[in-house]
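The values are calculated or read from the model by the stated rules, or taken from the named source; none is laboratory data. This structure is a prediction, so every number in the text was calculated from the model and none was measured. When we count neighbours, we look across all protein chains shown, and the Cβ atoms used for this are built from the backbone with ideal geometry, even at glycine. To get the accessible areas, we keep the full protein, side chains included, count just its heavy atoms, and leave off ligands, DNA and RNA. Shrake-Rupley method; radii C 1.70, N 1.55, O 1.52, S 1.80 Å.
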Amino acid sequence: MAANPRAAAVAALVRQEQDGFSNLILDAELRRRELDGRDKAFASAIFYTVLEHRGTIDFILEQFLPKGLAKLDAPVREILRAAVAQARYMQVPVSAAVNEAVKLTRSFKKSSASGLVNAVLRKACVYDLDKAVFQDEIEKLMVLGSASREVAEFLHRHYPEEALGILTHTADGGMTSLRANPLKASAAQLCELLMQKGAKSAEPGIVPGSVLARFEGSPAEQELFRQGYYHVEGQASQLAALCVEAKPGDTVLDLCAAPGGKSSQLAAALQGRGVLVSNEYVAARADILKSNLERMGVPNAVVLNESPARIADALPEFFDRVLVDAPCSGEGMFRKEPVARQQHCEALVKQCAELGTEILDCAAAVLAPGGQLVYSTCTFAPEEDEGQVAAFLQRHPEFTLADALGNVDYTFGSEGEANRTGGLPLDVSKVRRIWPGQGGEGHFMARLVKAGTPRALPAPGEYTPEEQLWLAAAAEAGKRSKGGKPQKAAKPADARSARRENSRACREAVQGRSSRSREAGAGDASPAQSLAAWREFAEEYFPELAKRPAVVHGGGVLLPAAFPQTNLHVLRAGVFVGSVQKGRFVPEHHLFTAFGALCRNREELTLADSRTVEYLSGREIEAHTAADGWCCVTVDGWPLGGGKVSGGRVKNHYPKALRLL
């Protein structure tokens, strides 16, 4: 079988039809065929375009197959679908799509079908859908929106005027919406960098900080993405984090945070002050969340893998700002995500509304007096949107509804709709509903303010009581590391035990439950030796960090974020800066992404420098500005990662998982 992107896409589609929707199927096929980056992107585009438009594609093909698609062998069926997808949705010339499809019949040992494939495709690829005759509006929605009958009937019943747009509108004109990482570049600067690195187009979006771009291949395979300059996120999704209006010094909770796009926005707003707690209930998604925040260089994040109820029990009235981007029925994603159409039903809407109610009540419990709660979904269901907010205000009279957009100088979306509140009172002019065509796929958001006086934020350099707690715990660890000094007379056993337990609990909270072990590279270094090695390393390379409180956990040294003692499952609370390996301190990637600007020894690259791609690919590069020893590799002044200089060469320590292929 020919090892080409079209064959890979067809093979994956055959398996998908048999085994059900899963991106794992495509990933496995791409790995098996060992395609390069460009071919991998093309195969992926064919695969997902077929899934997205299968209903429309099948309707067109059925016009020229008297016996129907179902009578064909699976490979022939998918060859036809893939060819129509390329010609109608991917700007592939009809002749190329048809000719390559005929070749694939031979590759899949279906040569007897080559004549049929050729004849059908030459008509199907140019079929005029505008002349199609449908039995009724339901069939029209099913065909043009590639929707099941159940979804088409649901949309026609609940959103008769918006139904077709929900299923067919392409957000942002088909461009990819990005969020610039302000820790590295503004939206305007990102546009310039994207064009320099080969993007087809790049322009600022409606939402401040957003960029709309076109790429050759996947945006996640781009060099700038791996450097943490941006993440991929729709404009409407970005708006929810902006509505939080987080400011330096705030304590912020992103309650349903994975994969981390909104958390990275909130972190940028905090500017390294205060603390960001990013939570994800699903363990695998929580690991992705942690990795993304490290890649973006966030220094003050706590990553939790917890249920909202346990967070509410552990941290009552703790947060100044809370974002709830709630799990929802996903009606706003119908055009973009085939799985959203496949799994949708009225029972799902009810289930998501009930779950949203539970999460909102937990969010209300953790919000401090005077704090603000932003609630958002990517659905149109009234039970999850206006009705959900109206019911919340009935349960929580201590909250008032504020304008969702706050004090901004731009407009986005439209007001809510009074007929969607479930009969409960709600000032719908203050909530925001975003329909397809208004700058996103489909979203809803509301801002709720809790009665009371907001807490006074500490001045830069000062500490809250919570910060003083972890500082005391770190100091206790430092005392044990010095050794040899006489201790004060012991207090009564109960007081000593309580103090020891408090310090242990606090350290566990700020350090998290790490999978690190001595076998993982920490050797036999004691906590005192690890701290001493870190401070010696920091004095040489990061003097501004040398005096910061540090603790040891699982063999690694942590600069902790401010977080109180709890029994919550903490994946990361601060920055793991490194560990002692074979008697020497070895820094971690997160140290450089979070604090690289403070490093005294830097290898300074530019985006146009050929060494940038070499470094991102995991290869050694020539050292031009860094002296021997550890260094931070920067690109146009922004930290990229670490390396070790010797003999005029920078040995690469960029993580393998992030390297360019």
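What is the percent carbon and sulfur in the accessible area of the chain, measuring with a 1.4 Å probe over the protein chains and ignoring ligands?
Reported share for carbon and sulfur atoms: 50 percent.
Take residue 74 and residue 526, extend 7 Å from each Cα along the Cα→Cβ direction, and tell me the distance between the two endpoints in nm.
6.3 nm
Suppose accessible area is computed on protein heavy atoms with a 1.4 Å probe; arrange 194, 355 from highest to lowest.
From most accessible down to least: 355, 194.
Run down the lysines and flag those whose C-alpha is under 16 Å from the C-alpha of residue 247, throwing out any fewer than 8 positions away in its chain.
262
If the cut-off is 14 Å between C-alpha atoms, which aspartates and glutamates fall inside it for residue 430, apart from same-chain ones fewer than 8 positions away?
385, 386, 403, 415, 417
Going toward the positive end of the dipole of the chain, with +1 on Lys and Arg Cβ and -1 on Asp and Glu Cβ, which of 413, 253, 173 do you reach last?
Farthest towards the positive pole: 253.
In the structure shown, do any of 40/336; 184/290; 123/200 have a Cα-Cα gap over 28 Å, and if so which?
123/200, as the Cα separations exceed 28 Å there.
Considering only protein heavy atoms, what per residue accessible area in square angstrom results for segment 229-326 with a 1.4 angstrom probe?
27 Å²
Using heavy-atom solvent-accessible surface (probe 1.4 Å) with all chains present, what is the largest-first order of 441, 331?
Descending order: 441, 331.
Could you give the length gained on full extension between residue 395 and residue 106, defined as 0.36 nm per residue of separation minus the Cα-Cα distance, in nm?
97.5 nm
Pop out the ³J(HN,Hα) list for segment 374-387 in order, Karplus 6.51 cos²θ - 1.76 cosθ + 1.60 with θ = phi - 60°, rounded to Hz; leave Gly and Pro as x.
These are the phi-based 3J(HN,Hα) values: 10, 10, 9, 9, 10, 9, 10, 4, x, 4, 9, 10, 4, x Hz.
Highest mean first, what order results for 279-287, 333-341 on Cβ atoms within 10 Å?
333-341, 279-287
Sort out for me the Cα centre separation of segment 543-592 from segment 327-351, rounded to whole Å.
41 Å
So what is the accessible area of segment 580-634 per residue, in Å², with the probe set to 1.4 Å?
For segment 580-634, the per-residue accessible area is 45 Å².
Rounded to the nearest 5, what % of the DSSP beta bridges within the chain are antiparallel ones?
Of those bridges, close to 70 percent are antiparallel.
Give me the one-decimal nm value for the distance between modelled label points at residue 462 and residue 657, 7 Å along each residue's Cα-to-Cβ direction.
Going from the residue 462 label point to the residue 657 one covers 4.0 nm.
Determine, from the Cβ-Cβ distance of residue 62 and residue 188 and an R0 of 51 Å, the FRET efficiency 1/(1 + (r/R0)^6), rounded to the nearest 0.05.
0.60
To the nearest 20 debye, what is the magnitude of the charge dipole of the chain about its Cα centre, counting +1 on the Cβ of each Lys and Arg and -1 on the Cβ of each Asp and Glu?
2440 debye
Taking +1 at the Cβ of each Lys and Arg and -1 at the Cβ of each Asp and Glu, which of 566, 549, 610 sits farthest along the dipole of segment 545-661 towards its positive end, judged by Cα position relative to the Cα centre?
Final value for the positive-end residue is 566.
How big is the dipole moment of segment 229-365 about its Cα centre under a simple scheme where the beta carbon of each Lys and Arg is +1, that of each Asp and Glu is -1, and everything else is neutral? Debye, nearest 20, please.
Around 460 debye, computed over segment 229-365.
Pick out, in residue order, every one of the trypsin sites (Lys or Arg not before Pro) in segment 524-591 that is DSSP loop and has at most 12 other C-beta atoms within 10 Å; say none if there are none.
The qualifying sites are 547, 582.
What are the residues whose amide H is under 5 Å from the amide H of residue 585, where those residues sit 5 or more places off or on another chain and H is modelled from the backbone?
none
How big is the charge dipole of segment 56-154 about its Cα centre, in debye rounded to the nearest 20, if each Lys and Arg gets +1 on its Cβ and each Asp and Glu gets -1 on its Cβ?
Its charge dipole is roughly 700 debye.
Can you work out the Karplus-derived ³J(HN,Hα) for every residue in segment 531-548? Use 6.51 cos²θ - 1.76 cosθ + 1.60 with θ = phi - 60°, whole Hz, and x for glycine or proline.
Values per residue, Gly and Pro as x: 5, 5, 5, 4, 5, 5, 4, 5, 4, 7, 10, 10, x, 5, 9, 4, 9, 6 Hz.
Can you list, bin by bin at 10 Å, the percent of alpha carbon pairs in the chain, starting at 0?
Answer for the chain: a P(r) of 3, 14, 22, 23, 19, 12, 5, 1, 0, 0 percent.
Take peptides 609-621, 553-565, 97-109 and line them up by average Cβ neighbours within 10 Å, highest first, as a rough protection proxy.
So the peptides 609-621, 553-565, 97-109, ranked by packing, come out 553-565, 97-109, 609-621.
Per-residue ellipticity at 222 nm for the chain, helices alone: DSSP H runs ≥ 4 residues times -39500 (n - 2.57), over residue total, nearest 500 deg cm²/dmol?
Calculated at 222 nm, the ellipticity per residue is -13000 deg cm²/dmol.
Just to confirm my numbers, what's the Cα centroid distance between segment 632-660 and segment 128-142 in Å?
The two parts, judged by their Cα centres, are 56 Å apart.
What fraction of the DSSP beta bridges in segment 597-661 is antiparallel, stated in percent and rounded to the nearest 5?
Around 75 percent antiparallel, to the nearest 5.
Below 20 Å, Cα to Cα, which aspartates and glutamates can residue 71 reach? Residues fewer than 8 away in the same chain don't count.
Filter leaves 17, 19, 58, 62.
Measuring from label point to label point, each 7 Å out along Cα→Cβ, what is the residue 313 to residue 604 span in nm?
About 5.4 nm separates the two model spin labels.
For a test of the definition: using alpha carbon positions, the gyration tensor, and the 1.5 limit on a/c, classify segment 121-209 as rounded, prolate or oblate.
It is oblate, given that a/c is not under 1.5 and a/b is not larger than b/c.
Taking the highest mean first, how do the peptides 27-33, 166-172 order by number of other beta carbon atoms within 10 angstrom per residue?
Listed from highest to lowest mean packing, they are 166-172, 27-33.
Could you run the Karplus curve 6.51 cos²θ - 1.76 cosθ + 1.60 with θ = phi - 60° over segment 246-254 and give me ³J(HN,Hα) per residue in whole Hz, x for Gly and Pro?
Once θ is set to phi - 60°, the couplings for segment 246-254 become 5, 9, x, x, 5, 9, 10, 10, 9 Hz.
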